[in-house]
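Notes follow once the structure below has been shown.
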Amino acid sequence: MPYSTAGKNLMLNALRGVAPSAPLTHASLHSSIPSDIGSSELSGGSPAYARKATVFDAAASGAIVKNASDPSFDVAAASTVVAVGFWSALTGGTFLGWAPLNGGSTDGVATVADATNLFTSYAHGLGLNDRVYLLPVTNQALPAGLNDTTLYYVIAPTADTFQVSLTLGGTAVVVTNPQEAYFQKIIPEVFGGQGTILLDTAALDLNG
């Protein structure tokens, strides 16, 4: 899960013995990759969309798992849902981080070449037109030409390489410096009519 700056500060302050001032209490839905302050949250519909109270059990083995309560979100017609966000309040509040709605386990780290715009990752498992978001790896920035709030389309996949495009069937994004990047597959949920999404599982963990 990508944590916001506020979420990282909250955890670090807890480590140094300062009581958290903005604990995670509510979940949200987002139509695109959220920014550091929780952009692209859904709205509208009848019944109207609203954040839902979300309770996590006590931390164990470096993770917290949502308890047995399963919040159900109302989603307006013609909405696309990409991500679940986490907040400190029903409205307003502090945005603490987000997770892909339907990502599965297709993710990894790729080396990105500036001469060919190719992402190289052994047996990456991505297919043509899959959607992915990208994050920088530790102590690096994303290669120039890419950003962490865009949901890209996979193009020209082979077993060990792929490129990304801003549009379906479009051209490869031009990368201007070689670097590594973390990628995660996302499967957006598209609503033709008014509907609901049930958040039946969620686990937040810290690695490393």
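The values are calculated or read from the model by the stated rules, or taken from the named source; none is laboratory data. Predicted model, so just to flag it, every value in this text is computed and none were measured. Glycine gets a Cβ as well: all are built from the backbone with ideal geometry, and neighbour counts include every protein chain shown.
Annotations for the structure displayed:
- Candidates Ala68, Ala115 - the one that is free of Cβ contacts under 8 Å to residues at least 12 places away in the same chain and in the same structural domain as Ala144 (by TED's automatic domain parsing): Ala115
- Qualifying residue in the range 64-71 (condition: small (Gly, Ala, Ser), outside any loop (DSSP other than H, G, I, E, B) and more than 30 Å from Leu166 (Cβ to Cβ)): no
- Scanning the range 29-39 for residues that are farther than 17 Å from Thr94 by Cβ and surrounded by fewer than 20 Cβ atoms within 10 Å (Cβ to Cβ) yields a count of 2.
- Filtered residue count, the range 31-63, keeping only those that are in a strand (DSSP E or B) and either outside the structural domain of Leu96 (by TED's automatic domain parsing) or of a type in the set (Asp, Glu) (or both): 1
- Checked against (1) surrounded by 17 or more Cβ atoms within 10 Å (Cβ to Cβ); (2) in a strand (DSSP E or B); (3) not assigned by TED's automatic domain parsing to the domain that holds Ser32, Asp74 meets all criteria but (3).
- Residue match in the range 163-176 (condition: closer than 30 Å to Leu12 by Cβ, more than 15 Å from the chain's Cα centre (by Cα) and at pLDDT below 95): no
- Annotation: of all residues in the range 127-155 being on the phi > 0 side of the Ramachandran plot and exposed (fewer than 14 other Cβ atoms within 10 Å of the Cβ), the one that is nearest to the chain's Cα centre (by Cα) is Asn129.
- For Arg16, the conditions (1) in contact with a strand residue (DSSP E or B) (Cβ under 6 Å, 6 or more places away or on another chain); (2) over 30 Å from Val154 (Cβ atoms); (3) of a type in the set (D, E, K, R) are fulfilled apart from (1).
- Among the candidates Val164, Val154, Val174, Val137, residue that is β-branched (Val, Ile, Thr), assigned to a loop (DSSP other than H, G, I, E, B) and touching a Phe, Trp or Tyr at 6+ places or on another chain (Cβ under 6 Å): Val137
- Residues that are among the aliphatic types (A, V, I, L, M), under 30 Å from Gly195 (Cβ atoms), exposed (fewer than 15 other Cβ atoms within 10 Å of the Cβ) and in contact (Cβ under 8 Å) with a residue 40 or more places away in the chain do not occur anywhere in the range 8-28.
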